[in-house]
Amino acid sequence: MAFEAKFFKARFWAECPAKFETRLKRTIITVLLFLGLAGLCGVRAVGGPSASASQADAAQESWRTEFYNICGKTEDAMTFSQEELTDLIRRCDSLQPQIEKLDESRKKVYLERLRKCRGLYAYVLDAKRKEKK
Amino acid sequence: MPTSSMQKGKKRNESGLLLLVLACEVLLLAHSASAQIYLPQRAPEPSEYGKVILDNYTGAEPGSVVFDHWLHRSMFTCRVCHVDVGFAMQAKATGINAKTNREGFHCGACHDGKRVFEGKTIFAACSDAFNSNDRRCDRCHSLGKKGVRKYGYKEFTAKFPKGIYGVNWEEAEKSRIIKPVDFVEGLSVKTAKMQNRKDFSVEAAYPWVEPIDFSHEKHAIWNGCELCHPEIFPTAQKGTMRFSMFSNIEGKYCGACHGKVAFPLNNCQACHPRGPLWAP
């Protein structure tokens, strides 16, 4: 008995690691693949954004945030220094090419709004410069 | 003989007088013609005042749009529509069409069938497929169609305070009968409360014209800053802008709104408080 037990134990330890390693690898890969697939399907099923869509959303969000940050201050235009006004005008100018890339309707509306808001900052800056003279 | 020379002289005098009278008449006519050009035009009925016809596609279905300023100005500030929504101040400069409306711009910014105003859902402007049986189109595309408009001026403004010419909008707002909204979700930018703008008096270009009392605050509340500056009033330097009633009548400066939508230019005392009440 003792001999048999010893024999089996030795055989087990001799064969097991290789078998176990392959099986474990296979299981892990299968589980990961399954989880990945399920995750992908799940996200699609609940309407989650794909990577490219979320990138596009982020790009859109960035111009909008910048637009609102710039043009949301028009009512305080008179309180800004010449440097601040110059910076706002510069930001308007760098935002314009981004808005020009938008679809026709959006471009029409937001370019007009940007033009108005830039015009006001330029107007106030001009007034302040003349006042200083 | 002396009689004939006297007669000749008399004839010469008569023809001279005739020439003088003719010259005076020509001058008078020329003057009145120019005066005709430079007098504010007689204001139409208040219900017709500020009416805009959008006829980009003359004759095409579903017909031209009739836009009444009096209806919308009772609910929104000028700034919301002319700055945030992007309606230009000049005719045909906005580039409005059914597509922009459908995409949620211009009229579609509010008229989207979802937005709720004063407890009512605002009807959607311009459906995808035009159907001539769709009476909804007629609410805006109403030129020449009778009984299709939902609101009539008389009934709608019945409770509003009246002035020398139609509704006294300033008084209506002061008494809180109207509360023009200055923010449209998704379009307007939340801003800090505007600091009070100083009111000031403007000397008239001619000594016989009374000075103008200009309320910067009132104008800034309804219009914001960028609606007037720099497009309508391009410089802040005192004395550099030479504007007059002539330029106003031509639609420049104050005339960009007054004489079209805001109270008419005939309402002298509204700007010149010590001036005449009303010029017909």
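A short reminder: the numbers here are calculations on the coordinates, not readings from a lab. The structure presented is a predicted model; accordingly, all values stated were derived computationally and were not measured. We place every Cβ from the backbone using ideal geometry, glycine too, and count neighbours over all the protein chains shown.
Exceedance of the 18 Å cut-off in Cα-Cα distance is limited, within the set B:174/B:218; B:51/B:145; B:159/B:193; A:107/B:252; B:92/B:190; A:107/B:190, to B:159/B:193; A:107/B:252; B:92/B:190; A:107/B:190. The order of A:31, B:184, going from fewest to most other C-beta atoms within 10 Å of their C-beta, is A:31, B:184. Once you divide the Cα radius of gyration of chain B by 2.2 N^0.38 Å, the number left is 1.37. Using a simple spin-label model with pseudo-atoms 7 Å out from Cα toward Cβ, residue B:90 and residue B:56 lie 1.8 nm apart.
The chymotrypsin sites (Phe, Trp or Tyr not before Pro) of the range B:176-221 meeting both criteria, a DSSP state outside H, G, I, E and B (loop) and at most 11 other C-beta atoms within 10 angstrom of the site's C-beta, are B:208.
Shape analysis of the range B:192-280 based on the Cα gyration tensor places the equivalent ellipsoid semi-axes at 21, 15, 14 Å, largest first.
Using only Cα atoms, tell me the angle between helix B:2-38 and the longest principal axis of chain B; keep it within 0 to 90° and round to the nearest 10. Computed tilt is about 10 degrees.
Looking at the range B:103-193, which GluC sites (Glu not before Pro) are DSSP coil and have at most 14 other C-beta atoms within 10 Å of their C-beta? Mind showing how you got there, number by number?
Numbers: sites: B:103, B:118, B:155, B:170, B:171, B:173, B:185; in loops: B:103, B:118, B:185.
Passing both the DSSP loop test and the Cβ count: B:118, B:185.
Among B:201, B:127, which comes first, then next, by fewest other beta-carbon atoms within 10 Å?
Numbers: B:201 9, B:127 14.
Ascending number of Cβ neighbours within 10 Å: B:201, B:127.
Once you reduce the range B:121-146 and the range B:250-279 to the center of their Cα atoms, the two points are 35 Å from each other.
Put simply, the convex hull of the Cα atoms in the range B:51-156 casts, on average, a shadow of 6.9 nm². Hydrodynamic estimate: the Kirkwood radius of the range A:51-132 over Cα pairs, inserted into Stokes-Einstein at 37 °C and 0.692 mPa s, corresponds to D of 243 µm²/s. One decimal place: the segment residue B:154-residue B:212 gains 17.7 nm when fully extended, by the rule 0.36 nm per residue minus the C-alpha distance.
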